[in-house]
Amino acid sequence: MREVVVVGSGISGLSVAYRLKQKGHDVVVYEKDDEIGGTIKTKQEEGYLYELGPQTLFADEEVLKFIEELGLKPIKASENAKYRYIYKKGKLIPLPLSPAQFLTTPLLSFTSKIKILKELFSKPVEEDISIAEFVRKRFGEEVLNYLVAPFLSGVYAGDPEKLSLKYATPRLYEIQRKHGSLLKALLKEKRVAPKGQLISFEGGLSELINTLAKELEVHTESVVLRMRKFEDHFKLDVRGKKVETKSVVVASPAYTSSYLLKEISFSASEIFEKIDYPPVVVVNVGVKGKIPEGFGFLVPRVEGKRILGAMFMSKLFPGRAPEGKELLSVFLGGATDREVIELPDEEIVNTVEKELKEILNIESIDFVRIHRWKRAIPQYNVGYEEYLNLVRDMEKDYPGLFLTGNWIYGVSMGDCIRASKSVAQNVEGFLASC
Ligand SMILES: Cc1cc2nc3c(=O)[nH]c(=O)nc-3n(C[C@H](O)[C@H](O)[C@H](O)COP(=O)(O)OP(=O)(O)OC[C@H]3O[C@@H](n4cnc5c(N)ncnc54)[C@H](O)[C@@H]3O)c2cc1C
């Protein structure tokens, strides 16, 4: 009998498996696809090195330590990554980086700036409300449309009317609970933004995945089809074989985890199935022409364009595009434009080319690769507490069962890596008690 089976070879599954292996445990990872990494997929073609899923990893001290332990050398994004742009009325406007820039930015009207100052007198919010409701009340529609909504489409490809202040932006929720006003927090605390570095690797983000997998027993094309719990062990049907194990770490997305939990708790399975994962289309484009120094730009929905934004990947990291060309990663879709996933390639390329030419000073497109994520990112919408409580109940009621992934511990790669520490500790605690 195995000690630990991990279902899924995304960053969540691999980092838990790695930590357990380091402690001397017997661990095997089963992955349904023919390649490892889940949403992390780096490709190299025609002199371009591009990402199909996540583009950068925001690493705090804990994540950097984990990377260092693996012997990996991260590459820091260019200093210019601090320049981020919002598209407004035909122009890219830099996000203000200082109070002086804030006062003069054309991004917001005088009325919105006054409203922001008035926020100083706001009272904390305790309940689970949508980010749109919170922002609209405090700062008004313009701040919602031109600052907050684009930020949320950059992280969640989400809908601010549905995303929960408490669960999608827990840091913001806690800050306003502590200080009442966000502006007051900004003036009072030396640091409001999280501390860390934006990184990748020479070979892209897959380098992290490949390094983890090198240390592990990972079987690809090994979908876990069925999971049953017996008194002191689990029986898994993995493509072509049966596996018995003392514990299981289910590190697949909510919609597959829900399927796997059917025979353990049908009701829990039905609840997890409800978690929304809107589609996202990522278009990597190689272009000729001059693009600004910086991270990239976001397009507010009210500007009437189809693309959500683009990242200037060849400006962020070296070696991403051939000499004289630039690499952009463009995003479409999300919770407010689900139909985009159905569009034919030609229509997607035409839209991207037309809108990029309207927004940037590019001459021509030299390279295009489209990737469709049918179910991209879990939406931490209002009411998400129900799912998180259920995860805890399931782990308590079925000893040896552990659930993890970006739908429980936060959507960033950093969140998944940080979570792996406590998940691995819980598994170890369970194994010690067997
Ligand atoms: C387009 C896009 C852009 C993003 N950009 C960023 C970014 O810039 N920075 C950032 O930090 N994060 C970003 N993210 C989020 C981040 O990539 C993910 O949250 C994270 O990689 C999720 O890892 P995971 O291991 O939890 O899940 P996944 O990566 O989804 O891995 C789950 C794995 O389980 C496997 N699996 C499913 N069912 C079974 C089964 N029955 N049997 C066996 N295996 C199974 C799947 O095939 C998959 O490999 C982005 C995500 C997307 C989609």
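Computed from backbone phi, the HN-Hα couplings of region 414-427 come to x, 4, 5, 5, 4, 4, 4, 5, 6, 5, 4, 4, 5, 5 Hz, rounded to whole numbers (Karplus: 6.51 cos²θ - 1.76 cosθ + 1.60, θ = phi - 60°; Gly and Pro given as x).
Would you kindly calculate the translational diffusion coefficient of region 333-434, applying Stokes-Einstein with the Kirkwood radius from alpha carbon pairs, for 37 °C and a viscosity of 0.692 mPa s, and quote it in µm² s⁻¹ without decimals?
Working: Rh = 17.6 Å.
This corresponds to a translational diffusion coefficient of 187 µm²/s.
Taking neighbour counts of Cβ atoms within 10 Å as a proxy for exposure, in what order, fewest first, do 119, 342, 62 appear? Please report the intermediate quantities before stating the final value.
On the way: 119 18, 342 9, 62 13.
The order, fewest Cβ neighbours first, is 342, 62, 119.
Residues 423, 6, ranked from the fewest to the most other C-beta atoms within 10 Å, line up as 423, 6.
Send over the Kirkwood Rh of region 272-315, from the inverse of the averaged 1/r over different Cα pairs, rounded to one decimal Å. Each step should come with its number before you reach the end.
Numbers: mean 1/r = 0.0763 Å⁻¹.
After inverting the pairwise mean of 1/r, the radius is 13.1 Å.
Applying the Kirkwood pairwise sum to the alpha-carbon positions of region 98-251 produces a hydrodynamic radius of 19.9 angstrom. Going by neighbour counts of Cβ atoms within 10 Å, the residues 109, 9, 265 line up, fewest first, as 109, 265, 9. Between the C-alpha center of region 184-252 and that of region 82-143 there is a gap of 36 Å. With Cα atoms as the point set, the chain shows a radius of gyration and Dmax of 22.3, 67 Å. According to the Cα-based calculation, Rg over Rh for region 300-376 is 0.96, with Rh computed by the Kirkwood formula. Less than 5 angstrom separates the built amide H of residue 201 from those of 75, all sequence-distant by 5 or more or on a different chain. Converting phi to 3J(HN,Hα) with the Karplus coefficients 6.51, -1.76 and 1.60 and the offset θ = phi - 60°, region 135-149 yields 6, 4, 5, 8, 10, x, 5, 5, 5, 4, 6, 9, 10, 6, 4 Hz in sequence order, with x at every glycine or proline.
Full extension of the chain between residue 434 and residue 186 gives 84.4 nm of extra length, using 0.36 nm per residue less the Cα-Cα distance.
Cα centroid separation, region 313-363 to region 1-69: 27 Å.
Around residue 374, with a cut-off of 11 angstrom between Cβ atoms, what is the net charge of the other residues, counting Lys and Arg +1 and Asp and Glu -1? Kindly include the intermediate steps, with their values, before the conclusion.
Details: positive: 338, 372, 375; negative: 342.
Residues near residue 374 contribute +2 overall.
Normalised by the residues of region 150-293, what does the relative contact order come to in percent, with Cα pairs under 8 Å and at least six apart? So the answer I get is 11 percent.
Scaling against 2.2 N^0.38 Å puts the C-alpha radius of gyration of region 108-192 at 1.03. With a simple spin-label model that places each label point 7 Å from the Cα along the Cα-to-Cβ direction, the separation between residue 98 and residue 137 comes to 3.5 nm.
Taking a point 7 Å from the Cα of residue 155 along the Cα-to-Cβ direction, the residues of region 367-410 with backbone N closer than 14 Å to it are 378-382, 409-410. Count Lys and Arg as plus one, Asp and Glu as minus one, and take only other residues whose Cβ is under 13 Å from that of residue 390; the net charge is then -4.
Relative to the dominant Cα principal axis of the chain, helix 170-179 is inclined by about 60°.
Here, each number is a calculation from the coordinates, and none is a lab measurement. On a predicted model such as this, the values are computed, not experimentally measured, just so you know. Cβ coordinates were reconstructed from backbone atoms using ideal geometry, including for glycine residues, and neighbour counts include every protein chain displayed.
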